[in-house]
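The values are calculated or read from the model by the stated rules, or taken from the named source; none is laboratory data. Predicted, not measured: the structure shown is a model, and the values here were computed from it. Cβ: placed from backbone, ideal geometry, glycine included. Neighbour counts: every protein chain shown.
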Amino acid sequence: MAKKGIKRIAVLTGGGDCPGLNAVIRAVAKTAINKYGLEVYGIEDAYLGLIENRIHPLTFDSVSNILTLGGTILGSSNTSNPFAFPMPIGKSTRKRDVSDLCISHLDKQGIDAMICIGGDGTMASAAAFAKKGLTVMGVPKTIDNDVYGTDITFGFNTAVTTATEAIDKIHTTASSHHRVMVIEVMGRYAGWIALHAGAAGGADIILIPEIPYQLDKVAEAVLARSKKGRRFSIICIAEGAKPKGGKMVVFKKEANSPDPIRLGGICHVVADQLAKMTGLSCRGVNLGHLQRGGTPTPFDRNMGTQFGYHALNILMRGVANHMVVWKNGSLGATPISRVAGRIKTVPVNCDLVRAAKAVGTSFGV
Ligand code: F6P
(Lines give C-alpha, C1' and ligand atoms only; values in the text may rest on other atoms or scores of the structure.)
Protein backbone atom coordinates (compact mmCIF):
# COMPACT_ATOMS: atom_id res chain seq x y z
CA MET A 1 0.00 0.00 0.00
CA ALA A 2 1.12 3.54 -0.75
CA LYS A 3 1.50 6.04 2.08
CA LYS A 4 -1.78 7.86 2.81
CA GLY A 5 -2.04 11.47 1.72
CA ILE A 6 0.48 11.64 -1.11
CA LYS A 7 1.08 15.33 -1.84
CA ARG A 8 4.44 15.47 -3.55
CA ILE A 9 5.99 13.02 -6.01
CA ALA A 10 9.29 12.82 -7.84
CA VAL A 11 10.00 11.27 -11.23
CA LEU A 12 13.21 9.97 -12.77
CA THR A 13 14.23 8.33 -16.05
CA GLY A 14 16.90 5.62 -15.70
CA GLY A 15 19.02 3.46 -17.99
CA GLY A 16 19.52 3.99 -21.72
CA ASP A 17 17.26 6.69 -23.13
CA CYS A 18 14.50 5.81 -25.57
CA PRO A 19 11.77 7.54 -27.56
CA GLY A 20 8.64 8.12 -25.47
CA LEU A 21 10.28 9.01 -22.14
CA ASN A 22 9.06 12.60 -22.39
CA ALA A 23 5.53 11.41 -23.11
CA VAL A 24 5.59 9.54 -19.78
CA ILE A 25 7.10 12.46 -17.84
CA ARG A 26 4.39 14.73 -19.30
CA ALA A 27 1.59 12.29 -18.51
CA VAL A 28 2.82 11.68 -14.96
CA ALA A 29 3.26 15.38 -14.20
CA LYS A 30 0.09 16.64 -15.90
CA THR A 31 -2.11 13.90 -14.39
CA ALA A 32 -0.58 14.58 -10.96
CA ILE A 33 -1.10 18.34 -11.22
CA ASN A 34 -4.46 18.43 -13.07
CA LYS A 35 -6.26 15.47 -11.62
CA TYR A 36 -4.81 15.16 -8.13
CA GLY A 37 -3.44 18.62 -7.30
CA LEU A 38 0.00 17.18 -6.43
CA GLU A 39 3.40 18.86 -6.55
CA VAL A 40 5.83 17.19 -8.94
CA TYR A 41 9.61 17.11 -8.85
CA GLY A 42 12.03 15.90 -11.50
CA ILE A 43 15.23 14.05 -10.57
CA GLU A 44 18.07 14.82 -13.00
CA ASP A 45 20.14 12.05 -14.60
CA ALA A 46 18.33 9.16 -12.92
CA TYR A 47 19.73 7.76 -9.66
CA LEU A 48 22.86 9.88 -10.10
CA GLY A 49 20.80 13.05 -9.55
CA LEU A 50 19.14 11.40 -6.56
CA ILE A 51 22.56 10.64 -5.03
CA GLU A 52 23.75 14.20 -5.77
CA ASN A 53 20.48 15.80 -4.65
CA ARG A 54 19.65 17.34 -8.01
CA ILE A 55 15.87 17.35 -7.58
CA HIS A 56 13.84 20.26 -8.98
CA PRO A 57 10.17 21.22 -9.25
CA LEU A 58 8.37 20.46 -12.52
CA THR A 59 5.46 22.69 -13.51
CA PHE A 60 2.63 22.24 -15.97
CA ASP A 61 4.52 24.56 -18.34
CA SER A 62 7.87 22.84 -17.97
CA VAL A 63 6.35 19.56 -19.20
CA SER A 64 4.42 21.15 -22.06
CA ASN A 65 5.56 20.78 -25.68
CA ILE A 66 7.67 17.71 -24.95
CA LEU A 67 5.35 14.96 -26.19
CA THR A 68 7.05 14.65 -29.57
CA LEU A 69 10.62 15.00 -28.30
CA GLY A 70 12.96 12.00 -28.25
CA GLY A 71 15.34 11.47 -25.30
CA THR A 72 14.43 12.73 -21.84
CA ILE A 73 14.24 16.30 -20.52
CA LEU A 74 15.40 14.94 -17.15
CA GLY A 75 18.58 13.33 -18.47
CA SER A 76 19.52 9.72 -17.79
CA SER A 77 22.37 7.53 -16.63
CA ASN A 78 22.96 3.80 -16.82
CA THR A 79 26.06 3.73 -14.64
CA SER A 80 24.87 4.86 -11.21
CA ASN A 81 23.46 2.17 -8.97
CA PRO A 82 22.73 3.69 -5.52
CA PHE A 83 23.24 0.29 -3.91
CA ALA A 84 26.75 -0.09 -5.38
CA PHE A 85 27.97 3.40 -6.15
CA PRO A 86 31.71 3.90 -6.79
CA MET A 87 33.21 6.24 -4.16
CA PRO A 88 36.85 7.37 -4.08
CA ILE A 89 38.67 5.90 -1.06
CA GLY A 90 42.21 7.30 -1.03
CA LYS A 91 43.67 6.56 -4.44
CA SER A 92 41.25 3.76 -5.25
CA THR A 93 37.50 3.44 -5.68
CA ARG A 94 35.09 1.26 -3.69
CA LYS A 95 31.44 0.52 -4.34
CA ARG A 96 29.22 1.75 -1.49
CA ASP A 97 25.53 1.56 -0.67
CA VAL A 98 24.39 5.22 -0.74
CA SER A 99 20.65 4.46 -0.69
CA ASP A 100 20.18 6.06 2.77
CA LEU A 101 21.63 9.30 1.42
CA CYS A 102 19.12 9.13 -1.47
CA ILE A 103 16.23 8.59 0.93
CA SER A 104 17.36 11.54 3.07
CA HIS A 105 17.37 13.77 -0.05
CA LEU A 106 13.78 12.76 -0.81
CA ASP A 107 12.73 13.22 2.84
CA LYS A 108 14.21 16.73 2.99
CA GLN A 109 12.14 17.75 -0.02
CA GLY A 110 9.03 16.14 1.49
CA ILE A 111 8.63 13.70 -1.39
CA ASP A 112 6.10 10.94 -0.67
CA ALA A 113 6.56 8.70 -3.73
CA MET A 114 9.02 8.19 -6.56
CA ILE A 115 8.03 7.24 -10.12
CA CYS A 116 10.90 5.31 -11.71
CA ILE A 117 10.76 5.11 -15.50
CA GLY A 118 13.31 2.58 -16.70
CA GLY A 119 14.33 -0.92 -17.67
CA ASP A 120 15.40 -3.89 -15.57
CA GLY A 121 18.34 -2.14 -13.87
CA THR A 122 16.15 0.80 -12.83
CA MET A 123 13.43 -1.59 -11.59
CA ALA A 124 15.96 -3.59 -9.55
CA SER A 125 17.03 -0.43 -7.70
CA ALA A 126 13.39 0.69 -7.34
CA ALA A 127 12.54 -2.70 -5.80
CA ALA A 128 15.47 -2.31 -3.37
CA PHE A 129 14.23 1.18 -2.38
CA ALA A 130 10.73 -0.25 -1.86
CA LYS A 131 12.23 -2.80 0.54
CA LYS A 132 13.68 0.10 2.53
CA GLY A 133 10.21 1.62 2.92
CA LEU A 134 10.11 4.10 0.05
CA THR A 135 6.88 4.27 -1.98
CA VAL A 136 7.82 3.62 -5.63
CA MET A 137 5.99 3.07 -8.89
CA GLY A 138 7.72 1.69 -11.99
CA VAL A 139 7.07 2.43 -15.66
CA PRO A 140 8.72 0.01 -18.12
CA LYS A 141 10.83 1.59 -20.88
CA THR A 142 13.40 0.29 -23.33
CA ILE A 143 13.83 -0.14 -27.03
CA ASP A 144 14.79 -3.77 -26.24
CA ASN A 145 11.24 -4.75 -25.16
CA ASP A 146 12.82 -7.12 -22.65
CA VAL A 147 11.25 -5.94 -19.38
CA TYR A 148 9.67 -8.88 -17.60
CA GLY A 149 5.96 -8.77 -16.81
CA THR A 150 4.78 -6.47 -19.62
CA ASP A 151 3.96 -7.45 -23.21
CA ILE A 152 5.25 -4.10 -24.49
CA THR A 153 7.66 -1.39 -23.38
CA PHE A 154 7.41 2.06 -24.95
CA GLY A 155 10.37 2.90 -27.21
CA PHE A 156 10.34 -0.51 -28.87
CA ASN A 157 7.93 0.50 -31.63
CA THR A 158 10.05 3.52 -32.60
CA ALA A 159 13.26 1.46 -32.62
CA VAL A 160 11.64 -1.20 -34.81
CA THR A 161 10.39 1.52 -37.17
CA THR A 162 13.89 3.04 -37.43
CA ALA A 163 15.55 -0.34 -37.93
CA THR A 164 12.99 -1.36 -40.55
CA GLU A 165 13.55 1.88 -42.48
CA ALA A 166 17.29 1.19 -42.39
CA ILE A 167 16.79 -2.36 -43.72
CA ASP A 168 14.60 -0.93 -46.51
CA LYS A 169 17.34 1.52 -47.45
CA ILE A 170 20.14 -1.04 -47.30
CA HIS A 171 18.24 -3.20 -49.82
CA THR A 172 19.29 -0.86 -52.65
CA THR A 173 23.04 -1.24 -52.04
CA ALA A 174 22.64 -4.97 -51.45
CA SER A 175 20.86 -5.27 -54.78
CA SER A 176 23.12 -2.93 -56.81
CA HIS A 177 26.34 -4.56 -55.57
CA HIS A 178 25.00 -8.13 -55.32
CA ARG A 179 26.03 -8.22 -51.72
CA VAL A 180 25.19 -9.94 -48.49
CA MET A 181 24.39 -7.16 -46.01
CA VAL A 182 24.51 -8.14 -42.34
CA ILE A 183 22.54 -5.53 -40.38
CA GLU A 184 23.05 -5.51 -36.63
CA VAL A 185 20.35 -4.18 -34.32
CA MET A 186 20.33 -3.61 -30.55
CA GLY A 187 18.33 -5.57 -27.98
CA ARG A 188 20.90 -6.90 -25.48
CA TYR A 189 20.10 -10.53 -24.65
CA ALA A 190 16.73 -10.53 -26.41
CA GLY A 191 15.94 -10.67 -30.11
CA TRP A 192 12.74 -8.60 -30.17
CA ILE A 193 14.07 -5.78 -32.36
CA ALA A 194 15.82 -8.17 -34.76
CA LEU A 195 12.74 -10.36 -35.11
CA HIS A 196 10.28 -7.52 -35.62
CA ALA A 197 12.45 -5.28 -37.82
CA GLY A 198 13.84 -8.28 -39.72
CA ALA A 199 10.37 -9.65 -40.45
CA ALA A 200 8.99 -6.21 -41.38
CA GLY A 201 12.00 -5.48 -43.59
CA GLY A 202 11.74 -8.82 -45.37
CA ALA A 203 15.16 -10.03 -44.17
CA ASP A 204 16.15 -13.36 -45.70
CA ILE A 205 17.84 -14.48 -42.50
CA ILE A 206 17.11 -13.37 -38.93
CA LEU A 207 19.54 -14.28 -36.15
CA ILE A 208 18.46 -13.85 -32.52
CA PRO A 209 20.00 -14.84 -29.17
CA GLU A 210 17.10 -17.17 -28.38
CA ILE A 211 17.91 -19.35 -31.45
CA PRO A 212 21.71 -19.89 -31.56
CA TYR A 213 22.69 -20.06 -35.22
CA GLN A 214 24.87 -22.48 -37.19
CA LEU A 215 27.10 -20.57 -39.59
CA ASP A 216 27.05 -23.31 -42.22
CA LYS A 217 23.22 -23.10 -42.28
CA VAL A 218 23.44 -19.32 -42.71
CA ALA A 219 25.90 -19.76 -45.58
CA GLU A 220 23.65 -22.46 -47.07
CA ALA A 221 20.66 -20.09 -47.03
CA VAL A 222 22.67 -17.35 -48.75
CA LEU A 223 24.05 -19.73 -51.41
CA ALA A 224 20.59 -21.21 -52.01
CA ARG A 225 19.37 -17.70 -52.85
CA SER A 226 22.33 -17.17 -55.21
CA LYS A 227 21.52 -20.43 -56.99
CA LYS A 228 17.97 -19.23 -57.57
CA GLY A 229 19.34 -16.07 -59.18
CA ARG A 230 18.71 -13.86 -56.16
CA ARG A 231 21.92 -11.91 -56.20
CA PHE A 232 21.73 -10.34 -52.77
CA SER A 233 20.76 -11.31 -49.23
CA ILE A 234 19.73 -9.35 -46.18
CA ILE A 235 20.60 -10.69 -42.74
CA CYS A 236 19.17 -8.98 -39.68
CA ILE A 237 21.22 -9.96 -36.64
CA ALA A 238 20.63 -9.09 -32.99
CA GLU A 239 23.68 -7.75 -31.15
CA GLY A 240 23.21 -10.62 -28.67
CA ALA A 241 23.01 -13.39 -31.28
CA LYS A 242 25.54 -16.18 -30.88
CA PRO A 243 26.57 -19.31 -32.74
CA LYS A 244 25.48 -22.64 -31.32
CA GLY A 245 27.96 -23.46 -28.56
CA GLY A 246 29.65 -20.08 -29.01
CA LYS A 247 29.67 -16.68 -27.34
CA MET A 248 28.20 -13.24 -27.85
CA VAL A 249 30.48 -10.49 -29.17
CA VAL A 250 31.33 -8.06 -26.37
CA PHE A 251 32.26 -4.56 -27.53
CA LYS A 252 33.31 -3.21 -24.12
CA LYS A 253 32.73 -3.35 -20.37
CA GLU A 254 31.22 -0.38 -18.52
CA ALA A 255 32.51 -0.99 -15.00
CA ASN A 256 29.91 1.02 -13.05
CA SER A 257 26.83 -0.15 -14.86
CA PRO A 258 24.41 -2.64 -13.21
CA ASP A 259 25.11 -4.80 -16.28
CA PRO A 260 28.66 -3.88 -17.39
CA ILE A 261 28.55 -5.84 -20.67
CA ARG A 262 28.10 -3.80 -23.85
CA LEU A 263 27.47 -5.96 -26.89
CA GLY A 264 28.28 -4.98 -30.46
CA GLY A 265 30.20 -5.88 -33.57
CA ILE A 266 28.82 -9.31 -34.44
CA CYS A 267 27.69 -8.03 -37.86
CA HIS A 268 31.33 -7.61 -38.94
CA VAL A 269 32.36 -11.00 -37.56
CA VAL A 270 29.55 -12.79 -39.42
CA ALA A 271 30.10 -10.75 -42.62
CA ASP A 272 33.81 -11.73 -42.67
CA GLN A 273 33.07 -15.38 -41.95
CA LEU A 274 30.39 -15.54 -44.66
CA ALA A 275 32.64 -13.85 -47.23
CA LYS A 276 35.23 -16.59 -46.66
CA MET A 277 32.66 -19.40 -46.74
CA THR A 278 30.65 -18.23 -49.77
CA GLY A 279 33.06 -16.14 -51.82
CA LEU A 280 30.39 -13.44 -51.98
CA SER A 281 30.85 -9.78 -51.19
CA CYS A 282 29.60 -9.24 -47.60
CA ARG A 283 29.32 -6.12 -45.45
CA GLY A 284 28.31 -5.54 -41.84
CA VAL A 285 26.26 -2.47 -40.82
CA ASN A 286 25.75 -1.75 -37.13
CA LEU A 287 22.73 0.53 -36.61
CA GLY A 288 23.77 1.22 -33.00
CA HIS A 289 22.35 4.17 -31.07
CA LEU A 290 20.42 5.47 -34.08
CA GLN A 291 17.71 3.09 -32.85
CA ARG A 292 17.34 4.98 -29.56
CA GLY A 293 17.04 8.37 -31.22
CA GLY A 294 14.46 10.46 -32.96
CA THR A 295 10.88 11.39 -32.34
CA PRO A 296 8.65 8.68 -30.86
CA THR A 297 6.08 7.02 -33.11
CA PRO A 298 2.39 7.75 -32.37
CA PHE A 299 2.21 4.27 -30.81
CA ASP A 300 5.02 5.02 -28.33
CA ARG A 301 3.64 8.48 -27.51
CA ASN A 302 0.27 6.95 -26.66
CA MET A 303 1.76 4.00 -24.80
CA GLY A 304 3.88 6.44 -22.76
CA THR A 305 0.87 8.66 -22.06
CA GLN A 306 -1.24 5.71 -20.90
CA PHE A 307 1.54 4.29 -18.74
CA GLY A 308 2.18 7.65 -17.04
CA TYR A 309 -1.52 8.25 -16.45
CA HIS A 310 -2.07 4.73 -15.11
CA ALA A 311 0.96 4.95 -12.80
CA LEU A 312 -0.52 8.03 -11.13
CA ASN A 313 -4.04 6.63 -10.94
CA ILE A 314 -3.05 3.40 -9.22
CA LEU A 315 -0.63 5.21 -6.91
CA MET A 316 -3.43 7.53 -5.78
CA ARG A 317 -5.71 4.50 -5.31
CA GLY A 318 -3.22 3.17 -2.76
CA VAL A 319 -1.18 0.77 -4.87
CA ALA A 320 2.57 1.01 -4.28
CA ASN A 321 5.76 -0.75 -5.30
CA HIS A 322 4.29 -1.97 -8.58
CA MET A 323 5.28 -1.50 -12.20
CA VAL A 324 2.57 -0.59 -14.69
CA VAL A 325 2.28 -3.09 -17.54
CA TRP A 326 0.53 -3.70 -20.83
CA LYS A 327 -0.87 -7.23 -20.72
CA ASN A 328 -3.21 -8.91 -23.20
CA GLY A 329 -4.28 -5.58 -24.67
CA SER A 330 -4.90 -3.57 -21.52
CA LEU A 331 -3.20 -1.65 -18.74
CA GLY A 332 -2.35 -3.39 -15.50
CA ALA A 333 0.33 -3.56 -12.83
CA THR A 334 2.66 -6.16 -11.37
CA PRO A 335 4.71 -6.10 -8.13
CA ILE A 336 8.07 -4.54 -8.89
CA SER A 337 9.81 -7.29 -6.89
CA ARG A 338 8.53 -9.80 -9.48
CA VAL A 339 10.25 -7.89 -12.28
CA ALA A 340 13.66 -7.20 -10.74
CA GLY A 341 16.46 -9.42 -11.99
CA ARG A 342 14.47 -11.04 -14.80
CA ILE A 343 14.17 -10.36 -18.52
CA LYS A 344 11.62 -11.28 -21.14
CA THR A 345 13.03 -13.03 -24.19
CA VAL A 346 11.43 -14.05 -27.49
CA PRO A 347 9.51 -17.36 -27.24
CA VAL A 348 11.17 -19.42 -29.98
CA ASN A 349 7.85 -20.73 -31.21
CA CYS A 350 5.92 -17.45 -31.19
CA ASP A 351 3.60 -16.59 -34.08
CA LEU A 352 6.00 -14.15 -35.75
CA VAL A 353 8.86 -16.69 -35.76
CA ARG A 354 6.55 -19.30 -37.25
CA ALA A 355 5.12 -16.91 -39.83
CA ALA A 356 8.61 -15.77 -40.84
CA LYS A 357 9.70 -19.38 -41.26
CA ALA A 358 6.58 -20.08 -43.34
CA VAL A 359 7.46 -17.31 -45.81
CA GLY A 360 10.99 -18.69 -46.20
CA THR A 361 13.03 -16.72 -43.65
CA SER A 362 15.95 -18.67 -42.24
CA PHE A 363 16.91 -18.48 -38.57
CA GLY A 364 20.26 -20.07 -39.29
CA VAL A 365 19.38 -23.53 -37.95
O1 F6P B 1 19.05 -1.18 -23.32
C2 F6P B 1 19.12 -0.30 -24.39
C3 F6P B 1 20.41 -0.46 -25.14
O4 F6P B 1 20.40 0.44 -26.24
C5 F6P B 1 20.72 -1.87 -25.61
O6 F6P B 1 19.98 -2.26 -26.73
C7 F6P B 1 22.21 -1.79 -25.82
O8 F6P B 1 22.79 -3.06 -25.69
C9 F6P B 1 22.65 -0.87 -24.71
O10 F6P B 1 21.51 -0.13 -24.31
C11 F6P B 1 23.77 0.09 -25.09
O12 F6P B 1 24.14 0.80 -23.96
P13 F6P B 1 25.04 2.10 -24.00
O14 F6P B 1 24.18 3.25 -24.40
O15 F6P B 1 25.56 2.23 -22.60
O16 F6P B 1 26.12 1.87 -25.01
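When the residues of segment 100-155 are filtered to those that are within 16 Å of the ligand (Cβ to nearest atom) and charged (D, E, K, R), which remaining residue is surrounded by the fewest Cβ atoms within 10 Å (Cβ to Cβ)? It would help to see each step written out before you state the result.
Taking segment 100-155 first, the residues within 16 Å of the ligand (Cβ to nearest atom) are 116-125, 138-148, 150, 152-155.
Within this subset, residues satisfying the condition of being charged (D, E, K, R) are 120, 141, 144, 146.
Details: ASP120: 22, LYS141: 32, ASP144: 31, ASP146: 25.
Selected residue: ASP120.
What number of residues in segment 47-83 are under 22 Å from the mean Cα position of the chain (by Cα), hydroxyl-bearing (Ser, Thr, Tyr) and in a loop (DSSP other than H, G, I, E, B)?
Residues of segment 47-83 under 22 Å from the mean Cα position of the chain (by Cα): 47-50, 66-83.
Next, only the ones that are hydroxyl-bearing (Ser, Thr, Tyr) stay: 47, 68, 72, 76-77, 79-80.
Retained after the next criterion (residues that are in a loop (DSSP other than H, G, I, E, B)): 68, 72, 76-77, 79-80.
Qualifying residue count for the region: 6.
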Selection from segment 48-99 of residues that are of a type outside the set (A, V, I, L, M, F, W, C), without any contact (Cβ under 8 Å) to a residue 40 or more places away in the chain and buried (at least 21 other Cβ atoms within 10 Å of the Cβ): GLY49, SER99
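Quick test for you: out of ILE261, ILE343, pick the one residue that is without any contact (Cβ under 8 Å) to a residue 40 or more places away in the chain and in contact with an Asp or Glu (Cβ under 9 Å, 6 or more places away or on another chain). Step through it out loud before you land on a result.
Working: ILE343 fails: without any contact (Cβ under 8 Å) to a residue 40 or more places away in the chain.
That would be ILE261, the only listed residue that is without any contact (Cβ under 8 Å) to a residue 40 or more places away in the chain and in contact with an Asp or Glu (Cβ under 9 Å, 6 or more places away or on another chain).
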Unmet requirement for PHE307, which otherwise passes all of (1) part of a helix (DSSP H, G or I); (2) closer than 30 Å to ALA241 by Cα: (2)
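Looking at GLY284, GLY279, which is the one that is outside the structural domain of SER77 (by TED's automatic domain parsing) and surrounded by 17 or more Cβ atoms within 10 Å (Cβ to Cβ)?
Details: GLY279 fails: surrounded by 17 or more Cβ atoms within 10 Å (Cβ to Cβ).
The conditions single out GLY284.
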Test result for PRO86, modelled with pLDDT under 95 and not in a loop (DSSP other than H, G, I, E, B): yes
Residues satisfying the stated conditions in segment 160-184, i.e. in contact with a Phe, Trp or Tyr (Cβ under 6 Å, 6 or more places away or on another chain) and surrounded by fewer than 16 Cβ atoms within 10 Å (Cβ to Cβ): SER175, HIS178
Residues that are of a type in the set (A, V, I, L, M, F, W, C) and part of a strand (DSSP E or B), drawn from segment 122-144: VAL136, MET137, VAL139
